[in-house]
Amino acid sequence: MLKKTVLAVAVLALLFAGTVGAATPKSKDYVNVFTSDPRTFNYLESQRQTTSMHTTNFVDGLIEHDKYGVLRPALAESWSSNADTTVWTFNIRKGAKWVTGDLEVYAEVKAQDWVDAMKFMLDKKSTLTYLISGFVKNADKYLAGEITDFAQVGVKAKGDYVLEYTLEKPIPYFETLLTYNPYMPVNGEFLNAKDKDFGKVDKNGILYNGAYILSNFTSKSVMEYDANPSYWDKEHVTIEHIKLVYDDGKDPDSRFNNFDAGIYASAQVNTDNEALFARAQAKYKENIYRARQDSTTFLYAFNYDRNAFASPADPTKGKTPKTAKEQADTQAAILNRNFRKAIFFGMDRPTILAQRNGEVNKLAAIRNSYTGTELSKDKAGKDYTKYVEDALKARNPADFPKTFKIDDAQDPYYNPTKAKAYMAKAKAELTAKGVKFPIQLDTATDISYTKGLRGDRSMKANLEAVFGTDTLIVNVVEMDTDNADASTYYAESGSQSNYDIGGYTGWGPDFGDPYTFLQTLEPEIGAVLIQIGLDATDDPASSDYKAATAIGLYEYAKKVEAANNIYDDQAKRFKMFAEAEAQLLDDAIVFPYMSYGGGFAVTRIVPYTIPFAAYGTDEYKFKGMIVGDKVITLAERDKLKAQWEKDRVA
């Protein structure tokens, strides 16, 4: 799932909650913030977090995570697979209802709703087909037009209440895909009636079968949900009304101040404002805790085939200061491995993150792998990211020696001496090709997002100090929110991405396997390609193909797919995936830099009451949340955690 950096502010509210404790809720209301308007509620098309974090509360799927992280029945009362996990059968819950935004019952949820949803996605060539093609039998052939009879695609309604998926190959982890958008249902009659208006951001843009219904949305102002009175599992919905207030990031301390005033349910405690931090410590000394790091990874990345040099929304905004020659020189530099590695080792991520998280927490959110930690472990309990650590040491022991550790919350990469050595190599290679220095890198910045602006200015100061402005200049190109979004997170194609380097986006896992991350950078199907300035292609004549070839993405894709074909030997699968990920990092194709979480927080949300999930969209659900009558103390949190861990094992 494509995630936006600024949204860390909003999502941390849920991370702060933790994810059995008994508590009597004081309030049936939950009030907090949202930081970016959803552009659509079409959950069958959008892979963006700005859609999914809302629609997961509106539409239930087949199964869901409980508060212990265990997959439990939702709209499927039970499910099973055959011996080789190529055929999966789901028994649909009888009596679950689709309702409108006006609370009118529209229809019963039936197995055909999942068939209609998949047909819609394939017919419309949804951005989500990367999780269907290659997974569901014949979906790739139908998508390519090699077959035209949808009945040949491996999804079938066996009557009203039995759904069957047939897969292309054994996929033991298939059930972990089912908590994300491509495996959500839709009522076909409603879908056809709405046509192009399906997913419009208003209360009647979709139907609801989930815990909540949108009751109000005013752009850049407020969003409100009400509990669904027809919900099949309403006994587990404790919050009746949710109000999310727009926060543009101009005042980083407003959330804490509103929490302190008793308005918001939780808040970050920023350490970069010394006066506020001192006030928070004085009043909430027994309550402030550190939020856990989740499995989301945010990236710094280059634009490998830049074609936009102004905002695609308004060409008078966000314009590059570079000449045509300087633009060409930048592109040549970005395609040079030694130049990229120079930036990789020259980037002082802790100092940059201190602008967002404060000096005290500058290491707390650092992520050093692309694949998130705690997502996948082998049978012996070894985290997949440790396989990546081993692969890096084997691939390049000079840069990743025996002492190298890939663990979160520390920086094993920053090395100005190594960075300068790589830049010297790059300079010699590029100068010989007619490239003139200094190289200029544009980074697009939203002037409303104060912490992001400070971070980009810090990156500029950092890199220019390491290399000197006779070698490198970073242009911080300032824009309003709409134009910054159009140039970055909401760019509709790689050719609209208007920057040379940026840390605007991240990836949250869709399912519980490393493939959920590594697939995203494959040059023919990758969901993160737009964010590195590329469009999916297999056309050798295209500039995207040439750029992807130059940085080794086609070679990388072969490694990823070879690993994905190993399904009966997990250790071998992980080792092969890790070798591909080691290529991404060693060739400095992307630079992981942070996750959600790691900061200080205070909350009235009772810990361990909401779904606990490392992948999919369940982490954004309000179902089960309890807002207590006081601020949770550290002692209470520790007690609840101990009980949660005990119950989870049981």
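The values are calculated or read from the model by the stated rules, or taken from the named source; none is laboratory data. Worth saying up front: this structure is predicted, and the values here are computed from it rather than measured. Because the Cβ atoms are built from the backbone with ideal geometry, glycine has one as well, and the counts that use them run over all protein chains shown.
Key figures
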quantity	calculated
Per-region count, segment 511-539, residues assigned to a loop (DSSP other than H, G, I, E, B) and either out of contact with any Ser or Thr (no Cβ under 6 Å at 6 or more places or on another chain) or at negative phi (or both)	17
Number of the exception - Tyr231 against (1) over 24 Å from the mean Cα position of the chain (by Cα); (2) outside any loop (DSSP other than H, G, I, E, B)	(2)
Output for segment 313-337, where each listed residue is among the aliphatic types (A, V, I, L, M) and in a loop (DSSP other than H, G, I, E, B)	Ala313, Leu335
Looking only at segment 522-547, and only at residues there that are in contact with a Pro (Cβ under 9 Å, 6 or more places away or on another chain) and among the charged types (D, E, K, R), the one that is surrounded by the most Cβ atoms within 10 Å (Cβ to Cβ)	Asp544
Near pairs, Cβ below 7 angstrom, 6+ apart or cross-chain, from segment 150-172 (of a type outside the set (Asp, Glu)) to any residue that is surrounded by fewer than 13 Cβ atoms within 10 Å (Cβ to Cβ) and modelled with pLDDT of 95 or more	Tyr161/Lys94
Segment 372-427, subset farther than 25 Å from Ala563 by Cα and small (Gly, Ala, Ser), residue surrounded by the fewest Cβ atoms within 10 Å (Cβ to Cβ)	Ala398
Residues that are over 26 Å from Gly346 (Cβ atoms) and in contact with a Lys or Arg (Cβ under 8 Å, 6 or more places away or on another chain), drawn from segment 301-326	Ala310, Ser311
Within segment 617-643, considering residues that are crowded, with 24+ Cβ neighbours inside 10 Å and either modelled with pLDDT under 95 or β-branched (Val, Ile, Thr) (or both), the one farthest from Ile213 (Cα to Cα)	Ile632
Yes/no for Lys234 being crowded, with 17+ Cβ neighbours inside 10 Å, over 23 Å from Ile447 (Cα atoms) and not aromatic (Phe, Trp, Tyr)	no
Test for Tyr556: is it of a type in the set (Phe, Trp, Tyr) and under 20 Å from Gly372 (Cβ atoms)	yes
Considering residues of segment 548-585 that are buried (at least 17 other Cβ atoms within 10 Å of the Cβ) and polar (S, T, N, Q) only, the residue farthest from Leu529 (Cα to Cα)	Gln570
Cβ-Cβ under 6 Å pairs, at least 6 apart or on other chains, segment 276-287 side closer than 22 Å to Ala635 by Cβ, far side at pLDDT below 95 and surrounded by 13 or more Cβ atoms within 10 Å (Cβ to Cβ)	Phe277/Thr271; Ala280/Val269
Members of segment 383-406 that are touching a helix residue (DSSP H, G or I) at 6+ places or on another chain (Cβ under 8 Å) and assigned to a loop (DSSP other than H, G, I, E, B)	Asn396, Asp399, Phe400, Pro401, Lys402, Phe404, Lys405, Ile406
Qualifying residue in segment 254-270 (condition: over 24 Å from the mean Cα position of the chain (by Cα), under 19 Å from Asp37 (Cβ atoms) and buried (at least 21 other Cβ atoms within 10 Å of the Cβ))	no
Filter result (touching a strand residue (DSSP E or B) at 6+ places or on another chain (Cβ under 7 Å) and outside any loop (DSSP other than H, G, I, E, B)) within segment 341-352	Phe344, Arg349
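Results for (1) more than 22 Å from Arg454 (Cβ to Cβ); (2) of a type in the set (S, T, N, Q), shown as yes or no for each residue.
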site: Phe259; (1), (2): yes, no
site: Arg279; (1), (2): no, no
site: Lys283; (1), (2): yes, no
site: Thr297; (1), (2): no, yes
site: Ser311; (1), (2): no, yes
site: Lys319; (1), (2): yes, no
site: Ala324; (1), (2): yes, no
